[in-house]
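Report on the structure given below.
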Amino acid sequence: MAKPGILDLPSVKDQVSAEEWEARVNLAAAYRLCADFGWDDLIYTHLSARIPGTDHHFLINPLGLMFEEITASSLVKVDLNGNLLMDTPFIPNAAGFVIHSAIHEAREDANCVIHLHTEYGVAVSNQKDGLQMLCQSSIPACANLAYHDYEGFAVNDGEKERLVADMGDKPALILRNHGTLTAGDTVAQAFELMFFLEKACKIQILSQSTGQELYKMSEEAVSNALRDLRIVAGARGADNFVWPALMRKMDRLDPSFRD
């Protein structure tokens, strides 16, 4: 039974593969977590996940739902041309399709793509020097970051090639004057990287707001941290430890994302 205020939709669990259902549950949890962390932007911005074993088919939020309303069954399934692949009472949001389809098509390792418009993320995207390596929390993002210049609302297919070229093989992207984006082999990996990217942006703006001269890490310290990052990030920590903990959190808060 859905929580009051959450759409009560019929489950599609029996209509999809076990692999697709798992992708749906994980992506729905990520939407709810973004809402819980205050990362949502009304009905705008998007998270997507490729469906295993398909020809680049992926799941994305439908037009008109808040992140806190997303369930496994409400996600829409589309192909790279934006065609709906399953009956649904909803329609996909064209504004999110260009960015997500471009990355899913170009990057085999991008099974999940998260794109946000948070206040701190946009504030850093407006800064000429972008994200700075000011603290330990900024290292995972800064070590894996690319930039893409603003071209307008992302509804023009012509932007796809330039966006993919700017991102290259990096898993994190700052869209200048727009927001933040991460990609990962799993929902867990994309979410954890976004957590540190958003945290780094927030710390940067808060540090700059003091008006005090900022203490910069030495080149040796940065080098050591980048070396240590490979150890800390090993053994699929996001998948094995962070994500199960976050799923338990969401189950405590509201398990209706699994519907």
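The values are calculated or read from the model by the stated rules, or taken from the named source; none is laboratory data. Model, not experiment: these values are computed from the prediction. Cβ atoms come from the backbone with ideal geometry, glycine included; neighbour counts cover every protein chain shown.
So the values come out like this:
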read-out	value
Complete set of residues in region 163-204 that are of a type in the set (Ser, Thr, Tyr) and either modelled with pLDDT under 95 or closer than 13 Å to Glu119 by Cα (or both)	Thr180
Residues being surrounded by 14 or more Cβ atoms within 10 Å (Cβ to Cβ), at pLDDT below 90 and in a loop (DSSP other than H, G, I, E, B) - total across region 87-131	3
Tally of residues being loosely packed, with under 11 Cβ neighbours inside 10 Å and out of contact with any helix residue (DSSP H, G or I) (no Cβ under 9 Å at 6 or more places or on another chain) across region 219-251	8
Search result, residues across region 139-161 that are charged (D, E, K, R) and at pLDDT 95 or above	Asp149
Scan of region 16-73 for residues that are charged (D, E, K, R), assigned to a loop (DSSP other than H, G, I, E, B) and either touching a strand residue (DSSP E or B) at 6+ places or on another chain (Cβ under 6 Å) or closer than 20 Å to Ser256 by Cα (or both), ordered by number	Asp40
Pick from region 132-141, criterion outside any loop (DSSP other than H, G, I, E, B) and of a type in the set (A, V, I, L, M), ranking: nearest to Phe58 (Cα to Cα)	Ala141
Cβ pairs under 8 Å, 6+ apart, first in region 205-227 and under 25 Å from Glu119 (Cβ atoms), second assigned to a helix (DSSP H, G or I) and among the hydroxyl-bearing types (Ser, Thr, Tyr)	Ile205/Tyr120; Leu214/Ser207
Whichever residue in region 1-55 is of a type in the set (Lys, Arg) and more than 23 Å from Ala110 (Cα to Cα) and, among such residues, is modelled with the lowest pLDDT	Lys3
Flag for Ala183 being among the small types (Gly, Ala, Ser), within 14 Å of the chain's Cα centre (by Cα) and not in a helix (DSSP H, G or I)	yes
Hey, Asp109 of a type in the set (D, E, K, R) and within 30 Å of Val222 (Cβ to Cβ) or not	yes
Qualifying residue in region 186-204 (condition: under 14 Å from the mean Cα position of the chain (by Cα), surrounded by 13 or more Cβ atoms within 10 Å (Cβ to Cβ) and not in a helix (DSSP H, G or I))	yes
